[in-house]
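Encoded as structure tokens, the structure appears first; notes follow it.
Rule-based calculations on the coordinates, nothing more; no lab input. Owing to the predicted nature of the structure, the values given are computational and were not obtained by experimental measurement. Cβ sites come from the backbone with ideal geometry, for glycine too, and all protein chains shown count toward neighbours.
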Amino acid sequence: MNTPKPPPTFRRAAPPPAPSTPARVGAATRAPIPQGQANTAAHGPGGTVRLNKRMAELGLASRREADEWIGKGWVKVNGRVAEMGMQVAPDVRIEIDQKAQGQQANQVTILLHKPIGIVSGQAEDGHLPAITLIEPDKRWRDDNARFFFHPSQRKSLVPAGRLDIDSTGLLVLTQDGRVARQLIGEDSHVEKEYLVRVVYHGNATPAAGGVTQLSRIDDDDPVSADVQSVFPASQLALLRQGLSLDGQALRPAKVEWQNPEQLRFVLTEGKKRQIRRMCELVGLKVVGLKRVRIGQVMLGNLPLGQWRYLQPHEKF
């Protein structure tokens with residue numbers, strides 16, 4: 001089976017010299033490679049795990065990327081060429097070929113200021129996907145990252161998290177499975193910060209197992225000015241901790257008033273339309289939502305509808 005060639009390099013600056021020996025990760029103990037290469041389960045007997053899972057845990061590669069490298073013979077375990085699906089002990093020594101390291105260095109991550117009306121992933125209901133905005137004429141002119149744009153960079157570029165069609169703000173698209181795992185992996189706790197403009201429809205009454213139907217002030221006349229003055233402190237406390245969605249308790253959130261009509265949310269999870277649904281449970285309706293930060297990376301002055309590269313020094 002033909003294997004894809006590594007993508008070309010688009011950096012202006014020359015990469016740092018490659019190390020003379022392969023990178024080594026893990027303990028130096030030369031334990032034998034565990035048996036059970038045919039076992040493709042994530043966990044094996046005796047505390048072993050599948051090699052691609054272990055590589056992802058160590059931050060070496062995404063699972064898919066690891067499988068590609070294993071298939072090309074670019075991965076060694078305790079000095080021996082790895083086999084697809086093999087199980088490894090936690091203390092094995094994993095070595096990555098310089099070809100894999102070079103391929104990984106060429107992967108790009110892009111930050112987009114997504115407009116309303118654009119979907120994050122696949123096109124749906126006639127709405128354009130975010131990747132259609134990744135064009136040279138929409139690159140922010142103040143982006144000083146040392147990358148050349150090439151259409152091939154859009155290959156395997158996927159959104160690392162959702163931002164719904166009615167929301168705007170920071171959206172991350174990446175070729176790097178390590179970035180995707182950090183932001184949307186099952187064990188991810190990276191903060192996402194949002195500014196949320198709301199109107200108030202009335203009090204919600206807590207009940208056993210959740211929140212009952214809202215008792216509205218007036219369906220045609222929500223409170224839209226100085227919402228902070230009429231919104232009960234008890235409901236704000238519920239937004240911070242105590243709500244459930246889809247039968248699951250939500251992680252604690254940081255929620256505070258940014259101004260009398262706007263809340264600031266900081267979440268460490270990303271359920272579908274989570275903030276809008278949380279607000280509905282306490283009598284609020286979201287009329288504007290903007291994501292301004294993911295981890296340590298800020299939206300900043302990136303203009304609406306434009307994008308820039310994540311620079312090497314920037315970390316989520």
By a straight-distance test (C-alpha under 19 Å), which aspartates and glutamates pair with K114 as possible cross-link partners, with residues fewer than eight away in the same chain excluded? E124, D125, E135, D137, D142, D143, D164, D166, E191, E193
Stretched fully, the stretch from K155 through R141 gains (0.36 nm per residue minus C-alpha distance, one decimal, in nm) 2.8 nm
Quick one: putting +1 on the C-beta of Lys and Arg, -1 on the C-beta of Asp and Glu, what dipole do you get for the stretch 239-306 around its Cα centre, in Debye to the nearest 20? 120 debye
In whole angstrom, the spacing between the Cα centers of the stretch 234-277 and the stretch 298-314 equals 26 Å
If amide hydrogens are placed 1.01 Å from N in the peptide plane, which non-local residues have theirs closer than 5 Å to the one on G242? L250
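Over 32 Å between Cα atoms, which of K53/K285; K271/K315; K155/K271; K53/K155 qualify?
Correct reply: K53/K285.
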Computed ³J(HN,Hα) along the stretch 311-316: with the Karplus parameters 6.51/-1.76/1.60, θ = phi - 60°, integer Hz and x for glycine or proline, the list is 7, x, 7, 7, 10, 6
Starting from the 7 Å offset along Cα-to-Cβ, what nm value, one decimal, do you get for the label separation of E256 and K272? 3.3 nm
If the cut-off is a Cα-Cα distance under 12 Å, which aspartates and glutamates reach K76, setting aside same-chain residues fewer than 8 apart in sequence? E95, D97
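With a ≥ b ≥ c taken as the square roots of the eigenvalues of the C-alpha gyration tensor of the stretch 48-169, please select rounded if a/c is under 1.5 and otherwise prolate if a/b is larger than b/c or oblate if it is not?
Details: a/c = 3.07, a/b = 2.05, b/c = 1.50.
In terms of gyration-tensor shape, prolate.
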Expected output is a single nm value to one decimal: the length gained when fully extending between L245 and E191, i.e. 0.36 nm times separation in residues minus the C-alpha distance. What is it? 17.5 nm
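Taking K and R as +1 and D and E as -1, what net charge do the other residues with C-beta under 9 Å from the C-beta of R276 add up to?
Here the count lands on 0.
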Per-residue HN-Hα couplings for the stretch 245-252 [Karplus 6.51, -1.76, 1.60; θ = phi - 60°; Hz; x = Gly/Pro]: 10, 6, x, 10, 5, 7, 5, x
